[in-house]
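For reference, the structure is listed below as structure tokens.
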Amino acid sequence: MPNRPYRIALNGYGRIGRCVLRAFYERNAAFDFEIVALNDLADMASLEYLTRFDSTHGRFPGEVKVEGDCLHINSHCVKVLRHSTPEAVGWRDLGVDLVLECSGAYNTRSEAQRFIDAGAPRVLLSQPMSGAADVDATVVMGINHERLSGAERLVSNASCTTNCGVPLLKLLNDAIGLDYVSITTIHSAMNDQPVIDAYHHDDLRRTRSAFQSVIPVSTGLAKGIERLLPELSGRIQAKAVRVPTVNVSCLDITLQMSRDTDAQTINRILREAAQSGPLEGLLAYTELPHASCDFNHDPHSAIVDGSLTRASGPRLVNLLAWFDNEWGFANRMLDVADHFLRVAHRA
Ligand SMILES: NC(=O)c1ccc[n+]([C@@H]2O[C@H](COP(=O)([O-])OP(=O)(O)OC[C@H]3O[C@@H](n4cnc5c(N)ncnc54)[C@H](OP(=O)(O)O)[C@@H]3O)[C@@H](O)[C@H]2O)c1
């Protein structure tokens, strides 16, 4: 691997952590950093095995082997640590510029601050935090990443659903105006649900078998969108259901528009934004008769399915946008990390 100026570590090597590492190697040339370490609780044999073989994304497209405390990826050593607290990891000794927190175990400011107090210079979290003040910035790539000054210490990459919804809502609010927004997230199962009924979560419905039901779950999506688009505050509602698929999700979005419009106009605005401008590469547009599995391993934050855009009268619009909740989001973690490090070292 050519010499790269910045060093990154992953904390938590589950679905998102592994997708981040893999997307890094699949997009190898694109970044100014290398991944030098990962910290998870799992044993080395399992870490190696689940890096090599992934039921959702297929075999790792490169060489993976263990030597001592290194997980060698294409002969590059990623040092493996197995500590349950940030205090136990020597972030300073690792010389890392940024920790990508992908365990989901640290969701308040005081929890995330533990990484900084333990010597990590900066943290990018793979989840939205409970309150806006829990981080220095919440970023959706293509929407507000340019507002990062580089002085931030704790940054959130928002959620996969926020990364999907915010670009679409911003485009349509800017072009036409939105009075009210109602969203249903239709989301694949996740590791916070059991395979069969079990005591697994304090959201009671998440104790139910992930693969036997469509399961309504709590969601902070409306709050998350308001954080990014405060101009829509108080006018958004969201709910979420988990469905028995392993990956790829969609947002079903209903919009009350401020001005008269039609489905063709809505589709044109979204299609053109996908073709050029700041959302190119982040937003995609299709009118083909897709099913969700067609978007497995798709790196976009949102893929608008224009064949499903509906207008009921001049101001009530319904849209559907797909996203690979694992792969799209993991790619955004890498994009935001790269941008954050560049501005931090310019600051
Ligand atoms: N999956 C998605 O589609 C998705 C999309 C966007 C954002 N996110 C967010 O990303 C976070 C992780 O989600 P995930 O789906 O990747 O979960 P996951 O598959 O359960 O992975 C989390 C990993 O972190 C490990 N871990 C737990 N506590 C740890 C600690 N204190 N230090 C180091 N490692 C620790 C877990 O080990 P154990 O299994 O032994 O506990 C597990 O290997 C969550 O906040 C989630 O909301 C997920």
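Pairs meeting the criteria (first residue in the range 82-104 and in contact (Cβ under 8 Å) with a residue 24 or more places away in the chain and within 8 Å of the ligand (Cβ to nearest atom), second residue in a helix (DSSP H, G or I) and open to solvent by 50 Å² or more (accessible area, probe 1.4 Å), beta carbons under 6 Å, at least 6 apart or on different chains) are 86/114.
Listed here are the strands (runs of 3 or more DSSP E) enclosed by the range 274-347 that have at least 1 residues being among the polar types (S, T, N, Q) and within 22 Å of the chain's Cα centre (by Cα): 283-286.
Taken together, the residues in the range 302-324 that are within 16 Å of the ligand (Cβ to nearest atom) and open to solvent by less than 10 Å² (accessible area, probe 1.4 Å) amount to 5.
Let's see how each residue does on (1) of a type in the set (D, E, K, R); (2) under 30 Å from residue 133 (Cα atoms); (3) without any contact (Cβ under 8 Å) to a residue 24 or more places away in the chain:
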site	(1), (2), (3)
217	no, yes, no
229	no, yes, no
234	no, yes, yes
259	yes, no, no
278	no, yes, no
285	no, no, yes
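Filter the range 118-136 down to residues that are within 15 Å of the ligand (Cβ to nearest atom) and either among the acidic types (Asp, Glu) or outside any loop (DSSP other than H, G, I, E, B) (or both) and give me whichever is nearest to the chain's Cα centre (by Cα). For the range 118-136, the residue satisfying everything is 125. What is the residue count in the range 112-127 for residues that are in contact with a Pro (Cβ under 8 Å, 6 or more places away or on another chain), hydrophobic (A, V, I, L, M, F, W, C) and open to solvent by 10 Å² or more (accessible area, probe 1.4 Å)? Summing the residues that are in contact with a Pro (Cβ under 8 Å, 6 or more places away or on another chain), hydrophobic (A, V, I, L, M, F, W, C) and open to solvent by 10 Å² or more (accessible area, probe 1.4 Å) in the range 112-127 gives 1. Among all positions in the range 210-220, there is at least one residue which is within 15 Å of the ligand (Cβ to nearest atom), in the same structural domain as residue 169 (by TED's automatic domain parsing) and open to solvent by 70 Å² or more (accessible area, probe 1.4 Å).
The values are calculated or read from the model by the stated rules, or taken from the named source; none is laboratory data. What you are looking at is a predicted structure, and each value in this text was computed from that prediction instead of being measured. With ideal geometry, Cβ positions are generated from the backbone for all residues, glycine too; neighbour counts draw on all protein chains shown. These area figures cover heavy atoms from the full protein model, side chains too; ligands, DNA and RNA do not enter into them. Shrake-Rupley method; radii C 1.70, N 1.55, O 1.52, S 1.80 Å.
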